[in-house]
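The values are calculated or read from the model by the stated rules, or taken from the named source; none is laboratory data. From a predicted model like this one, the values you see are computed outputs, not experimental measurements. We place every Cβ from the backbone using ideal geometry, glycine too, and count neighbours over all the protein chains shown. These area figures cover heavy atoms from the full protein model, side chains too; ligands, DNA and RNA do not enter into them. Shrake-Rupley method; radii C 1.70, N 1.55, O 1.52, S 1.80 Å.
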Amino acid sequence: MTAVSVSGGCLCGQVRFTVKGPLREVLLCHCSQCRKTSGHFWAASSAPRECVDIHQDTGLRWFQSSKEARRGFCSLCGSSLFWSHAGKQTLSFAAGALDGPTGLSTGAHIFFDDASDYYRVHPDENTIDGSSY
Ligand SMILES: [Zn+2]
Ligand SMILES: [Zn+2]
């Protein structure tokens, strides 16, 4: 956890947000839903919901991607931006959407048992089947 203030947004700028406070390390999720929505695997940090201020939401739309989770994206440019689980007090946001430098580092690959077959990760990297996060 690092106390920082970072901003981020979508490709066209019609969704912008600022995160103040501790940001979780980046997790790389290989589950099939994350692969579909991102086009590869999904790299996300997260923070307590009250620390994430979505101050420009003109393009923001939410897709109910499972019974408990919604994904926020920009309806104008297509950027995948948020993952929100009804049972969690945190909001996940795309690490790639943050304006750099972020000061973050990557913690682990999660749901690695769900990874597709066209890529490999470095053997030194931490891979987890499923997720305890
Ligand atoms: Zn956009
Ligand atoms: Zn996932």
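Express the Stokes-Einstein translational diffusion coefficient of segment 19-58 in µm² s⁻¹, to the nearest whole number, given a Kirkwood radius over alpha-carbon pairs, 4 °C and a viscosity of 1.567 mPa s. Walk me through the numbers before you get to the answer.
On the way: Rh = 11.6 Å.
Translational diffusion coefficient: 112 µm²/s.
Using 0.36 nm per residue of separation minus the Cα-Cα distance, give me the extension gain between Asp99 and Leu11 in nm, one decimal.
30.6 nm
Cα atoms only, the chain: Rg and Dmax in Å?
Both quantities, over Cα of the chain: 14.2, 42 Å.
Could you tell me what percent of the DSSP beta bridges with both partners in segment 2-114 are antiparallel, to the nearest 5?
Of all bridge pairs located within segment 2-114, approximately 90 percent are antiparallel.
Let me check against my output: what whole-number percent is the relative contact order of segment 58-110, with C-alpha pairs under 8 Å and at least 6 apart?
21
Report, to one decimal in Å, the Kirkwood hydrodynamic radius for segment 1-70 based on all distinct Cα pairs.
13.5
If the elastic network links every pair of Cα atoms under 10 Å, which of Ala108, Ala97, Ala86 fluctuates the most in the Gaussian network model of the chain?
Most flexible of the set in this elastic network: Ala86.
What number, in percent, do you get for the relative contact order of the chain if the mean sequence gap of Cα pairs under 8 Å and at least 6 apart is divided by its residue count?
Relative contact order for the chain comes out at 26 percent.
Using a cut-off of 11 Å between beta-carbons, work out the net charge of the residues near Gly130 (Lys and Arg +1, Asp and Glu -1, Gly130 not included).
Working: positive: none; negative: Asp113, Asp114, Asp129.
Value of the local net charge: -3.
Taking a probe of 1.4 angstrom, what is the accessible area of His85 in Å², to the nearest 10?
Here the residue's solvent-accessible area equals roughly 40 Å².
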